[in-house]
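Single-structure report; data block below.
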Amino acid sequence: MNKDTFRSFFPILSKEIEGKKLIYFDSACTYLKNKVSFKWEKDYYMNFSCCSWDREPTYLWSLLYEKITNTRNKTLDFIWASKDDIIIFTSSATDSINRLIFSLDEAKIKTLVVSDLEHNSNYLPQKELSKLKNIKFKMFSYKDIINLDVLEKKLKNLKWDFLLSFTHSSNVIWWNFDIRKISDVVHKYGGYLLVDDTQYITYRKENAVMNEIDFLVFSSHKLWGPTGLWILYINNKVKELVKYSSKVWWWTIQKIKDDWIVMYKPLPDFLEWWVQNFMWILWFNEVLRFLIKTNMSNITNHVLSLTKYFLNKFYCLNLWKYLRVVSYEESSLVTLQWNNWFNVIDFLQYCNYFIPNYFVAFRTWTFCSDVFINKYLNWDKNLMRISFWIYNTRGEIDIFFNILLDYIKKIWKI
Ligand SMILES: Cc1ncc(COP(=O)(O)O)c(C=O)c1O
């Protein structure tokens, strides 16, 4: 398929916004949707719309149930997990982390450890829920986690069984951390590992078995699937850690016997809404079909070549005087920080409202990993992030640099 045909699958790229073409550099936030996926909305309501099984054990539900089970299995294949492992469909990162932490057995996990690199949606629920569940909360510097000797020392000193959360790649600096080595150390000291794969999985192959991951979260909407659908993976070996808690009420029940004995459904249903948005799950099935067929390495290569191209251009143009790169190579994103005390919203406005032919979308202002940004980058007001996916091109990067140079000339009058 040629590049233009491929881009035509994304309707928003061929549309004009206020007479301008869109250049979308914010996939790290959410991915543009392709038109093949849109048909699922119609398909679901026309062909499957029905209630769930023990309420309505119809033929219609059996067809739908088969598709949902198929999506769970495809998700397990996609992350190279074992077929006995568990996939829970949730509605956001925060929701996944909330459900997991609420249902963790406090008798077995007595400390929650997060890195200072975590996204707010992972860090905050853990910090707040640790108070509610009366378990300890600790934050480790990500530098101490990737330095395995330091990690060993820190974990050795932890008196209680723990769950350590770590992002496989950050949405600010990115970095391809060696999760397998971290999981070895975590397991050596009797802990469990929760991996935030949200950014990583968008263009890298995850291997949950090889990396010995206990819990994992990622999003469908950062894989061109629907917004509102998230995935919580639970390794079958640790499913005993997930229990009912009386502190919240979302567990799906099987039955209430004799008015007070409540029986809960087993996983995955136990942690899911029983009549949920099945349409999104069907749509996600289609996304997985595409991704499994496509071969992730093609996506990885395309995205990495764009990052390399962007950085080469940045270095060749000698823009260090104005901006510095704070992310690493080998990434799907480039985070830049303006050297001057400069409000980047001004540049975003320029890209959105003042240039004649294009409307360039990229990330500024808030990066949602506040602990990391406050600690290592001072503040996020002068940060901007350009992120790539398969629909982006070198031509778009060229246009971005032309706009950037033009802006610098205007502002600094050079
Ligand atoms: C690493 C990481 N984790 C979690 C999230 C939260 O995702 P969402 O806002 O879709 O819930 C994001 C969003 O950008 C992210 O980059």
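The values are calculated or read from the model by the stated rules, or taken from the named source; none is laboratory data. In this text the structure is predicted, and so the values were computed from the model without any measurement. FYI the Cβ positions are ideal-geometry reconstructions off the backbone, even for glycines, and counts take in every protein chain you see.
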Within the stretch 89-103, is there a residue that is within 16 Å of the ligand (Cβ to nearest atom), touching a Phe, Trp or Tyr at 6+ places or on another chain (Cβ under 6 Å) and more than 19 Å from Leu229 (Cα to Cα)?
no
Quick one: would you say His221 is within 11 Å of the ligand (Cβ to nearest atom), of a type outside the set (A, V, I, L, M, F, W, C) and touching an Asp or Glu at 6+ places or on another chain (Cβ under 6 Å)?
no
Could you tell me which numbered condition Phe137 fails, if it satisfies all but one of (1) among the hydrophobic types (A, V, I, L, M, F, W, C); (2) at pLDDT 95 or above; (3) within 16 Å of the ligand (Cβ to nearest atom)?
(3)
Yes/no for Leu100 being within 23 Å of Phe215 (Cβ to Cβ) and modelled with pLDDT of 85 or more
yes
I want to confirm something. Restricting to the stretch 119-159 and keeping residues that are of a type in the set (Val, Ile, Thr) and over 17 Å from Leu100 (Cα atoms), which single residue is surrounded by the fewest Cβ atoms within 10 Å (Cβ to Cβ)?
Val150
So how many residues does the stretch 160-189 have that are surrounded by fewer than 19 Cβ atoms within 10 Å (Cβ to Cβ), in contact (Cβ under 8 Å) with a residue 40 or more places away in the chain and either over 26 Å from Arg204 (Cβ atoms) or among the hydroxyl-bearing types (Ser, Thr, Tyr) (or both)?
2
Going through the stretch 13-44 one residue at a time, which ones are surrounded by 13 or more Cβ atoms within 10 Å (Cβ to Cβ) and of a type in the set (A, V, I, L, M)?
Leu13, Leu22, Ile23, Ala28, Leu32, Val36
Exception for Tyr350 within (1) within 15 Å of the ligand (Cβ to nearest atom); (2) at pLDDT 90 or above; (3) of a type in the set (Ser, Thr, Tyr) falls at (1)
Having 3 or more residues that are on the phi < 0 side of the Ramachandran plot and under 22 Å from the mean Cα position of the chain (by Cα) is the bar; report the helices (runs of 4 or more DSSP H) wholly within the stretch 251-363 that clear it.
278-294, 296-316
Could you go through the stretch 56-68 and let me know if any residue there is within 30 Å of Leu216 (Cα to Cα) and in contact with a Gly (Cβ under 7 Å, 6 or more places away or on another chain).
no
State whether one or more residues within the stretch 165-173 are away from the ligand (no atom under 16 Å from the Cβ) and either at negative phi or part of a helix (DSSP H, G or I) (or both).
no
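Residue-wise test of (1) assigned to a helix (DSSP H, G or I); (2) surrounded by fewer than 22 Cβ atoms within 10 Å (Cβ to Cβ); (3) in the same structural domain as Val114 (by TED's automatic domain parsing); (4) among the aliphatic types (A, V, I, L, M).
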| position | (1), (2), (3), (4) |
| --- | --- |
| Phe372 | yes, no, no, no |
| Met384 | no, no, no, yes |
| Gly395 | yes, yes, no, no |
| Ile408 | yes, yes, no, yes |
Expected output for the stretch 108-127 (first residue among the small types (Gly, Ala, Ser), partner outside any loop (DSSP other than H, G, I, E, B) and within 12 Å of the ligand (Cβ to nearest atom), Cβ below 6 Å, 6+ apart or cross-chain) is Ser115/Phe166; Ser121/Ala93; Ser121/Thr94
Among the residues of the stretch 353-386, which ones are within 16 Å of the ligand (Cβ to nearest atom), β-branched (Val, Ile, Thr) and over 14 Å from Ser170 (Cβ atoms)?
Thr364, Thr366, Ile386
If the requirement is being in contact with a His (Cβ under 9 Å, 6 or more places away or on another chain), within 28 Å of Phe9 (Cα to Cα) and either touching a residue at least 40 places away in the same chain (Cβ under 8 Å) or acidic (Asp, Glu) (or both), which of these qualifies: Asn357, Asn392?
Asn392
Positions within the stretch 311-328 being of a type in the set (D, E, K, R) and more than 19 Å from Asn382 (Cα to Cα), in sequence order:
Lys313
Hey, can you tell me all the residues within the stretch 176-201 that are more than 23 Å from Val242 (Cβ to Cβ), touching a helix residue (DSSP H, G or I) at 6+ places or on another chain (Cβ under 8 Å) and within 16 Å of the ligand (Cβ to nearest atom)?
Asn176, Phe177, Gln199
